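**Student:** I'd like to ask some things about the structure below.
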Amino acid sequence: MSLTLWRRLLCAVLLLCSGVAVAGELSDDSAQFRRDILDINKRMLLMEEELLFPADTRVTLFLSLDVGRFFTPDAVTLKLDGDTLVSHLYTEREIRALRNGAVQRLHTTNLRNGEHELTAFVTGIGPNGREIRRAGTLTFEKASGQHYIQVRLEDDAAAQQPNIVFRNWQ
């Protein structure tokens with residue numbers, strides 16, 4: 001039976017039990033039956049929550065900026081297994097915070113265990129006001145437990161452009 005059908009059945013039983021309680025003729029067997037139904041409902045809600053939001057499948061993605069002399073980010077887009085997770089446009093205040101060492105939490109999602117591919121697309125302004133677009137890809141193995149990935153934009157002094165570096169924590 002489906003979860004919705006179980007809930008409807010449970011509601012009908014609870015209404016029946018409450019109607020008997022109002023009439024004042026609730027026997028000991030009926031009271032125990034009502035407690036059992038409430039316990040079953042509690043267990044079903046906990047199971048549903050575990051299925052929808054399991055704690056050990058969580059992946060959190062962060063962004064940080066190292067120095068930022070050769071690059072000022074305008075926007076970042078993250079794709080996971082080909083699907084867009086998040087796109088973010090930066091304000092001057094956010095850029096100042098990133099340059100001062102802040103780390104931005106971009107997205108949190110639930111992800112099944114196994115191999116996945118994360119792609120970061122970054123656009124911004126480089127030296128002499130020219131537009132720069134960069135992309136980087138990380139293939140990672142999601143195991144049981146929480147998983148953290150940092151997307152770090154680092155200056156490449158030789159090329160005067162940013163590099164996208166991924167740091168992977170499990």
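**Student:** If Rh is defined by the Kirkwood formula over all Cα pairs and Rg also comes from Cα, what ratio Rg/Rh do you get for region 58-169? Can you show the working numbers first?
**Tutor:** Values: Rg = 14.0 Å, Rh = 14.4 Å.
Result for region 58-169 is an Rg/Rh of 0.98.
**Student:** Let me ask something else. Please give the length that would be gained between VAL67 and ASP28 if that part of the chain were fully extended, namely 0.36 nm times their separation in residues minus their C-alpha to C-alpha distance (nm, one decimal). Spell out each step's value before the answer.
**Tutor:** Working: separation 39, 0.36 × 39 = 14.04 nm, distance 7.20 nm.
Computed gain between VAL67 and ASP28 is 6.8 nm.
**Student:** I would also like to ask the following. What ranking of GLU94, GLU117 comes out by heavy-atom accessible area, probe 1.4 Å, highest first?
**Tutor:** Working: GLU94 60, GLU117 85 Å².
Sorted by accessible area, descending: GLU117, GLU94.
**Student:** Moving to a separate point now. Run the quick spin-label model on GLU117 and ASP156: label points 7 Å from Cα toward the beta carbon, then report their separation in nm to one decimal.
**Tutor:** The two pseudo-label positions are separated by 2.1 nm.
**Student:** In nm, to one decimal, how far is the THR108 label point from the ASP81 one, both placed 7 Å along Cα→Cβ?
**Tutor:** So the two model labels end up 2.1 nm from each other.
**Student:** If I model a spin label at VAL165 and THR137 as a point 7 Å from the Cα along the Cα→Cβ vector, what separation in nanometres do I get?
**Tutor:** 2.2
**Student:** Within the accessible area of region 58-169, what % is carbon and sulfur when the probe is 1.4 Å and the other protein chains stay in place? Intermediate results must be reported in sequence, preceding the final value.
**Tutor:** Values: 2660 of 6050 Å².
After summing per-atom areas, the C and S share lands at 44 percent.
**Student:** Taking 35 Å as R0, compute the FRET efficiency from the Cβ-Cβ separation of LEU46 and LEU89 and round it to 0.05. Could the numbers behind the result be given before it?
**Tutor:** Numbers: r = 39 Å, r/R0 = 1.13.
E between LEU46 and LEU89, to the nearest 0.05, is 0.35.
**Student:** Based on Cβ point charges of +1 for Lys and Arg and -1 for Asp and Glu, what charge dipole magnitude is obtained for region 44-170 about its Cα centre, in debye rounded to the nearest 20? Spell out each step's value before the answer.
**Tutor:** Working: 14 positive and 17 negative charges, 104 e Å.
The dipole magnitude comes to about 500 debye.
The values are calculated or read from the model by the stated rules, or taken from the named source; none is laboratory data. A quick note: this is a predicted structure, and the numbers were derived from the prediction, not measured. Quick reminder, even Gly has a Cβ in these numbers, built from the backbone with ideal geometry, and neighbours come from all protein chains shown. Ligands, DNA and RNA are excluded from the accessible area calculation, which covers all protein heavy atoms including side chains. Shrake-Rupley method; radii C 1.70, N 1.55, O 1.52, S 1.80 Å.
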